[in-house]
Structures are given as C-alpha cells and as structure tokens.
Amino acid sequence: MILHTIPFSSNIAPRGLITSRSDSSPTRVNSVASTAGSLEPDSFCFRGVCSCGRRRFVEAAVATSLFPICPATSIASKLPSDNYTAMLEKVHPPRPDWYEEFYASVLNTSMQSYEDEIAGYKAELFAELKGKAQQVLEIGIGTGPNLRYYAADSGVRVFGVDPNIKMEKYARAAAVAAGLPLSNFEFVQAVGEAIPLDDASVDAVVGTLVLCSVKDVEKTLKEIKRVLRPGGVYLFVEHVAAKDGTILRFVQSVLDPLQQSLADGCHLTRETGRSISKSGFSDVKLSMTSLSSASIVNPQLFGIACK
C-alpha cells in the first residue's frame, strides 16, 4: 500500500440486497442467511494517501425544527434481510420515534456553519468522482449534505445507508435539490458493519463523519472494501483525536463519555486515519485541517483510499 499525507488546498452482509447485472446497474435480491494528487484517467486510484459536524456535541442538542420534509416511500423495507437487520438492531438498538425524528431534525438544522466551512474541501475532494462513478454508496448519509457535490452527474445512482430511518425524508429532499432523480436514489436502513449490498457492486463509497460513531471501525472498513469494485474508491471526511499532550486532547478525553451519550455514539478520541491506513487499501491519501466551527471536534481528516 502507498501512503502519503499531503496538505489539501485551503481555497477551494450478509451480502446481497444489491448485485451486479451485465448492464452494470445493481439489482436488489434477497439475502439468505486539496488534492495534491490526481486520479488516473482510467482508474479511481490515486498515486499516494482526513470532521464531526455530523454528530456535533452541545450544538446538536440545541437548535431544532421538527417539521417533516416531503415524506416518501422506499423499496428498502420491502426486501428485509434477517441477517443485516439483526446487525442493525445490535449496533443501533431501536430508539423511540420521537428521538430519531428529533435527532434527524437537529442534524438537518444545526450543521450549516460546519457545512459552509468544509464546503471548499468537500468540493475539491468530490470533484474526483465526476464522470468516474455510476454506482455510489454513501454510508451514514444522514440528511444528505454531500449529495450536492456528486449526485448531479448524468446516470449516477446513489444508495444511501443510515441506521436512522427518520433521515430518509431529509436525504430524499437533498437528492431532489442536488438534481438527482429519485428513481436513482435509494435509502436503506442499515449500519456500516453490515452493508446490504453485494460484493464489488459499487464504484465509490462515500462516508463523512461516520467512523466516529460506528461500533466497529475495522468491520466497517472491511465492509467498505467488500462492496467496492476493483479500482473503486472510498472518499472520507472524519474528525479524529487531537495530538497527544495538547489541551484539546485532554478536553476530548474528559468529554468523550458525555459525547458518546449525547451525540449518538460519537467518539472524540478515535485515531481514524491510522485505522484507514492499516485497513488494506492499495493506496491511501490523507489530508488534515482544523475548522473553527467544529470546536472540540478537531482536527478534521479527509482523503481518498483506493481498492
């Protein structure tokens, strides 16, 4: 594996709800049991190798709006899998509907300052997908803030995975706003530890502010690699632990238990960059920055890993 850490331009399951057909369009089936580098013209791979707005600390507990946005149906619930559903319930035990709705609404309304500040980095990162990814999986899609960066390309089909079903209406609204036909968008209630897609079924996996809150980082990364086609890429933005010995790291260590309780399992002290680098991707590119809007949820790690 090639590993590089570079500065990013500051301006800027079991298997199988989806399998591949000869026309390269996934089909759902039931399961049984800153860039300093550039992508190769014919490949997603970089020559070389990353924030948590998603599960903010106190900010996410204050501003909220509980007005629903264009409810819609999904075929995801029509094809249940006992196995991936069991993993969903194990990793993300059922919460009361009011809590799931409250959390989704808070996430939808409290992240604007973070998204504004990270926008330049995301735009540059996701530009690498343009014209190169037709089948995209986004894990922890939440309310869909990333869709505007990559979903408008002609022919793109997006599978959005999130354990909170109340995120769906917001994600679908974001898909429409991004110019993605709803016929090309599917929301699936699942977790990163058991992704209900077939092996080698997507060109790219997107995950932002997700690995901070999954129960098993290693298992999630294995699932990401499993569903990626050879040469496919994993694009990520994550917040990670501050440097040892700093005041920020001390504060993170003290507040980490409270953060996990208030922010849906979000950890402040995970060394996610190291986990991604050691997960077996052939090529990983990592960059790092700090955002004023992210407060104690710094630094921010982002980059691309190639299968």
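Annotations for the structure displayed:
- Of all residues making up region 111-129, the number that are touching an Asp or Glu at 6+ places or on another chain (Cβ under 9 Å), open to solvent by less than 20 Å² (accessible area, probe 1.4 Å) and outside any loop (DSSP other than H, G, I, E, B): 3
- Qualifying positions in region 130-170 - closer than 19 Å to Ile195 by Cβ and in a helix (DSSP H, G or I): Leu147, Tyr150, Ile165, Met167, Glu168
- Selected residue (only one of Asp264, Asp203, Asp216, Asp283 is of a type in the set (D, E, K, R) and either touching a Cys at 6+ places or on another chain (Cβ under 8 Å) or open to solvent by less than 10 Å² (accessible area, probe 1.4 Å) (or both)): Asp283
- Residue in region 83-98 that is open to solvent by 40 Å² or more (accessible area, probe 1.4 Å), closer than 18 Å to Pro145 by Cα and at pLDDT 80 or above present: no
- Flag if Ala173 is assigned to a helix (DSSP H, G or I), farther than 24 Å from Met87 by Cα and either out of contact with any Ser or Thr (no Cβ under 8 Å at 6 or more places or on another chain) or not charged (D, E, K, R) (or both): yes
- Test result for Glu223, under 25 Å from Gly131 (Cα atoms) and among the acidic types (Asp, Glu): yes
- Being of a type in the set (A, V, I, L, M, F, W, C) and assigned to a loop (DSSP other than H, G, I, E, B) holds for only one residue in Phe250, Phe302, Phe281, and it is Phe281.
- Output for region 250-276, where each listed residue is closer than 20 Å to Pro94 by Cα and among the charged types (D, E, K, R): Asp264
- Scanning region 99-110 for residues that are of a type outside the set (Phe, Trp, Tyr) and either crowded, with 21+ Cβ neighbours inside 10 Å or touching a Lys or Arg at 6+ places or on another chain (Cβ under 9 Å) (or both) gives Glu100, Glu101, Ala104, Ser105, Val106, Leu107, Asn108, Ser110.
- Note on region 177-192: among residues that are open to solvent by less than 50 Å² (accessible area, probe 1.4 Å) and in a strand (DSSP E or B), the one that is nearest to Ser154 (Cα to Cα) is Phe185.
- First in region 231-247 and at positive phi, second anywhere and basic (Lys, Arg) and modelled with pLDDT under 95, Cβ under 7 Å, 6 or more apart: Gly231/Lys307
The values are calculated or read from the model by the stated rules, or taken from the named source; none is laboratory data. Just so it is clear, the structure is predicted and the values come from calculations on it, not from any experiment. Cβ sites come from the backbone with ideal geometry, for glycine too, and all protein chains shown count toward neighbours. Calculation scope for accessible area: heavy atoms of the full protein, side chains included, ligands and nucleic acids excluded. Shrake-Rupley method; radii C 1.70, N 1.55, O 1.52, S 1.80 Å.
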